[in-house]
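Values in this text are rule-based calculations from the coordinates and carry no lab data. These numbers were taken from a predicted model, which means no experiment stands behind them. With ideal geometry, Cβ positions are generated from the backbone for all residues, glycine too; neighbour counts draw on all protein chains shown.
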Amino acid sequence: MGKDLKGKEIGLGLRQRPDGRYEARAVVKGEQICLYNMNLQKLKKDFKEAKDAIMLNLDKQAKLITLSEWFNQWFETYKKPYLKESSAIVMYSKFNNVFCKRLGYTKLYEINNMMIQSIVNDEVKNGRVASNIREVTGVLKNCLESAKNNRLLSINPAFEAGMHPKVVQALMGHSDYSTTMNIYTHVSEMMLKNESQKIKSLFDESSFTQQEYFLPNFNFM
């Protein structure tokens, strides 16, 4: 928290210089803001407008991004570095053959849950292996959750998408519905345990720092 020459706190990113001028500094999404004014209230107003202008431009940019463009950026950044080359090729191919084939040129903000569920339903009807459907749907959920975390989306439209256990029962040939549910429950418990460990690791850190969200640079022609 910045202070004036008398030691009074005047706000985050603000300070008063020895010459009496007030200074405002910040880095928003990689863009630097540096403003000066003798009037503190005027400087605060200009500072807020400058930050809002950057965020507004990012909002406009976000509306141009398609699923294919974001998936490629997300895959290269978050997935590919941690996968074997053969596994990365298989995952990339499966996803493109299911979701990018039909939604690849759709803007992220235009995608809704019904579109995604319709594709899942069609894949089931077309006889695609249940495990493959679950795998690519999981990849889509993670991809769009990352888009949400990077402020490209306000919600994850793939959150509710997936295969109903009854459908899985029929595809897997389980005579007893409880067999299918036992498998699903086991998977859910494992996922809960893994995610809980991730959250716990965050709170094991000795200190926390405020960070800006990551937003990739897209060059649109």
Around Ser87 (Cβ within 15 Å, Cβ-to-Cβ, excluding Ser87; K/R +1, D/E -1) the net charge comes to +1
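For the pair Ser154 and Val90, what calculated FRET efficiency results from E = 1/(1 + (r/R0)^6), where r is the Cβ-Cβ distance and R0 = 45 Å, to the nearest 0.05? Numbers along the way, then the final one.
On the way: r = 32 Å, r/R0 = 0.71.
The computed FRET efficiency comes out at 0.90.
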Segment Arg134-Gln61, length gained on full extension (0.36 nm per residue, minus Cα span):
23.2 nm
Only four residue types carry charge here, +1 at the Cβ of Lys and Arg and -1 at the Cβ of Asp and Glu. Report the dipole size of region 2-62 about the Cα centre in Debye, rounded to the nearest 20.
200 debye
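Taking 30 Å as R0, compute the FRET efficiency from the Cβ-Cβ separation of Asn112 and Glu76 and round it to 0.05.
Numbers: r = 26 Å, r/R0 = 0.86.
Computed FRET efficiency for Asn112 and Glu76 comes out at 0.70.
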